[in-house]
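Data first, discussion second: the structure below is written as structure tokens.
All of the numbers you see were taken from the coordinates with simple rules; none came from a lab. No experiment lies behind these values; they were computed from the predicted model shown.
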Amino acid sequence: MTLKIQSDALQASVQANFSASRQSGATGFQAALEKAKKPSAAQELDDYMRKSPAERMVDIILKSMGLTREDLASKSPEEQTSIMQKVNQILKQKMEEAAAKQGSGNTLL
């Protein structure tokens with residue numbers, strides 16, 4: 001099996017990539033790095049769906065505090081402990097509220 005490279009198609013692809021990177025101000029390599037850093041929407045959805053409901057709740061609570069898991073990881077161990085204690089307290093409160101709401105719906109007997 002021989003491989004035939006179509007130079008016209010290759011040249012057109014290179015030119016299109018070069019003109020797009022010139023418009024954005026990034027070099028080809030820099031543009032590729034930026035594109036590689038950003039996960040696609042499908043990848044973000046897949047990552048989200050792989051998380052447990054508890055992990056999703058923690059992410060939501062962290063977001064309400066203006067933090068991400070990456071922000072949390074960059075903090076000192078003492079700060080991480082303090083933040084996670086707050087997250088656990090909020091999570092416990094939310095669970096108690098949900099249980100109370102569910103319990104009040106079953107009072108028809």
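Across the stretch 53-109, Cα-Cα pairs farther apart than 14 Å form 61% of the total. The length gained by stretching the chain between Gln43 and Ala100 to full extension, at 0.36 nm per residue less their Cα-Cα distance, is 16.9 nm.
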